[in-house]
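Everything below concerns the one structure shown next.
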Amino acid sequence: MTTDEGPREGALGASGDAPHGERVRTWSNWAGNQSCRAEVLHPTTEPELCRIVADAAAAGRTVRAFGAGHSFTDVALSDAVLVDLSGYDRILGVDREACTVTVQSGARLHDLSLAMWPRGLAFTNLGDIDVQSIAGATATATHGTGMRFGNISTAVVGLRVIDGLGAVHEVDARTEPDLFAAARASIGALGLVSTVTVQLEPAFHLHAVHEPRRVDEVLERFGELVRDNDHFEFFWVPGTRWSITKRHRRNHEPVAPRSRRDELLQSELYDNVLFGLANRVGRWRPALGREVAKRIPSPGRVEFNDRCYRVFASPRRVRFVEMEYAVPVEATVEAVQRVRAHVASLGYPVSFPVEVRVSRGDDITLSTASGRDTGWIAVHMYRGLPYEEYFRGVESIMRDLDGRPHWGKLHWRTAADLAPAYPGWDDFQELRARMDPLGVFQNAAMTRVLGPLGG
């Protein structure tokens with residue numbers, strides 16, 4: 001990432017010259033479960049983005065964009081033009097008094113955390129992965145945990161959005177409130193997001209206590225654990241009665257981080273190297289994979305205090321596919337209990353933990369937490385292993401509990417049954433028709449989950 005303190009070396013100016021491009025090639029997402037062949041373009045300025053869209057509109061072509069490729073669905077795929085935002089990641093301005101930062105849409109969350117900390121600023125909340133682009137994370141309403149805190153999209157206070165004809169819209173709560181309510185989490189259906197202005201807060205630390213607890217105890221005390229901790233989540237280990245709990249308290253006390261040795265052992269050796277080995281062996285011979293997993297040492301109780309962004313997120317080097325559902329927070333415990341029963345009914349082991357989090361409701365039109373406080377249940381499967389029976393069973397449970405699927409994670413829902421789940425659905429469709437009259441941002445995913453344009 002480059003910052004406002006110096007231009008990117010070799011970057012094009014704001015003249016609207018043609019963007020850097022390459023021949024048609026195959027692009028795949030991080031998990032490797034989605035791919036497409038498209039003409040990949042590499043813009044570095046907003047005029048380049050506008051020209052890409054305008055040229056596509058004139059030629060009757062479609063445009064999609066990708067950042068880190070961390071969506072597990074086909075949301076980013078295109079058979080025509082694919083915009084690579086990795087070179088469109090500059091910090092354009094920081095307002096320390098207002099605690100805001102304005103960035104190009106390809107900026108990565110982790111890089112932003114590193115850049116903001118010396119300025120005394122930090123994200124209010126982050127998920128357990130922070131390599132996504134700011135545009136991708138907000139487009140899919142990516143979230144962390146904590147009952148007082150919304151998803152990352154709720155931190156957006158301003159956007160510049162390029163519509164389906166190549167025109168720029170400056171969007172905030174005052175200028176275009178309806179568009180602002182929709183564009184903060186639009187799955188890329190309303191246009192290419194050019195810049196994002198994010199509300200940050202003064203930098204803070206997190207006191208972390210990570211420890212194993214029996215899952216029955218955690219579920220019995222779930223409301224108390226959520227209430228008594230700023231950020232709480234747990235990971236149930238399928239096939240066992242145990243979970244790993246994470247309790248985080250916000251503070252400004254002196255840091256007392258894990259030693260470098262302990263961090264390498266836990267975050268790299270145990271959670272990535274050995275866990276990845278167990279999954280690779282398990283794909284070949286499940287029983288042997290379970291034996292390898294049983295021999296991975298447990299860290300026991302771990303307690304430390306560190307910069308918030310170092311605690312929120314952890315490295316994830318073992319590749320997987322994921323489905324996550326949002327249910328009304330009061331249904332969270334029932335949802336987990338029913339997932340446990342479903343896992344027990346499968347005829348094969350599930351190696352990845354089931355992750356459980358919470359977040360505050362919001363007023364964003366298609367946010368998964370729109371209008372209600374939310375409990376999140378995420379299930380994973382090692383890349384390359386069959387997952388459909390497991391995931392479809394979980395989806396059936398979540399639909400029964402009025403669940404909404406995470407927009408960037410696997411599911412089988414369609415526009416016909418998603419529309420009743422969102423009170424603002426029709427308003428979003430009107431904006432979609434206005435912002436993309438020619439269907440420049442349509443792809444198979446948009447048609448499936450939002451319906452045909454103008455339909």
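Rolling a 1.4 Å probe over the protein heavy atoms gives the chain an accessible area of 41 Å² per residue.
Taking a ≥ b ≥ c as the square roots of the eigenvalues of the Cα gyration tensor, an a/c ratio of 1.5 or more together with a/b no larger than b/c marks region 23-143 as oblate.
Got a sec? Charge dipole of the chain, +1 on Cβ for Lys and Arg, -1 for Asp and Glu; which of G347, L401, L85 is way out at the positive end? Most positive-ward Cα: G347. Projection of the Cα convex hull of region 332-455, averaged over all directions and equal to a quarter of that hull's surface, yields 8.5 nm². Computed with every protein chain present, the accessible area of D402 is close to 80 Å² [probe 1.4 Å].
Spin-label pair T240-D178: with each label point 7 Å from Cα along the Cα-Cβ axis, the two points sit 5.2 nm from one another. Sorted largest first by accessible area at a 1.4 angstrom probe radius, with every protein chain in place, the residues H406, H110 fall in the order H110, H406. Segment T414..E389, full-extension length gain: 7.2 nm, with 0.36 nm per residue of separation and the alpha-carbon distance subtracted. Heavy-atom surface analysis with a 1.4 Å probe gives the chain a carbon and sulfur content of 50 percent of its accessible area. Using the Cα gyration tensor of region 101-165, with a ≥ b ≥ c the square roots of its eigenvalues, what is the shape: rounded (a/c below 1.5), prolate (a/b larger than b/c) or oblate (neither)? Verdict is oblate for region 101-165. Residues Y348, Y309 ordered from highest to lowest accessible area at a 1.4 Å probe: Y348, Y309. Between E22 and E170, how high is the FRET efficiency from 1/(1 + (r/R0)^6) when r is the Cβ-Cβ distance and R₀ = 22 Å? Nearest 0.05. So, using R0 = 22 Å, E works out to roughly 0.10.
Across the chain, C-alpha contacts under 8 Å between residues 6 or more apart give a mean separation that, scaled by the residue count, equals a relative contact order of 17 percent.
At 1.4 Å probe size, what's the solvent-accessible area of L385? Round to the nearest 10 Å². The accessible area of L385 comes to roughly 40 Å². Round to the nearest 0.05 the FRET efficiency obtained for R37 and E224 when R0 = 45 Å and r is the Cβ-Cβ distance. My answer for the efficiency is 0.30.
Against the chain, whose longest principal axis comes from its Cα atoms, helix 275-284 is set at around 90 degrees. Accessible area of W236 (1.4 Å probe, protein heavy atoms only, ligands and nucleic acids ignored): about 10 Å².
When you count the other C-beta atoms within 10 angstrom of each residue and take the mean per peptide, 327-334, 251-258 line up highest first as 327-334, 251-258. Taken along the Cα-to-beta-carbon direction at a fixed 7 Å, the label points for E334 and D79 span 4.3 nm. Per-residue ellipticity at 222 nm from helix content only, as computed over the chain with -39500 (n - 2.57) for each DSSP H run of at least four residues, stands at -7500 deg cm²/dmol. Using a cutoff of 8 angstrom between alpha carbon atoms and counting only pairs six or more residues apart, the relative contact order for region 293-449 works out to 28 percent.
Label-to-label distance, S259 versus E211, with points set 7 angstrom from Cα along the beta-carbon direction: 2.1 nm. Sequentially through region 361-369, phi angles give Karplus couplings (6.51, -1.76, 1.60; θ = phi - 60°) of x, 8, 10, 7, 3, 10, 5, 5, 9 Hz, Gly and Pro residues having no value and appearing as x. When only the Cβ of Lys, Arg, Asp and Glu is charged (+1, +1, -1, -1), the dipole of region 299-455 relative to its Cα centre reaches about 680 debye. What shape does region 305-358 have by the C-alpha gyration tensor, where a ≥ b ≥ c are the square roots of the eigenvalues, rounded means a/c under 1.5, and otherwise prolate means a/b greater than b/c and oblate the rest? Oblate, since a/c reaches 1.5 and b/c is not below a/b. Residues whose amide H lies under 5 Å from that of V157, counting only those 5 or more places away or on a different chain, are T197, V198, Q199; hydrogens are built 1.01 Å from N in the peptide plane.
Net charge dipole, the chain: roughly 1680 debye, given to the nearest 20, about the Cα centre with Cβ charges of +1 for Lys and Arg and -1 for Asp and Glu. When you filter the trypsin sites (Lys or Arg not before Pro) in region 42-129 for DSSP loop state and at most 15 other Cβ atoms inside 10 Å of their Cβ, you are left with R96.
The values are calculated or read from the model by the stated rules, or taken from the named source; none is laboratory data. Because the structure is predicted, anything quoted here is derived from the model rather than measured. Cβ: placed from backbone, ideal geometry, glycine included. Neighbour counts: every protein chain shown. Only protein heavy atoms, including side chains, enter the accessible area calculation; ligands, DNA and RNA are left aside. Shrake-Rupley method; radii C 1.70, N 1.55, O 1.52, S 1.80 Å.
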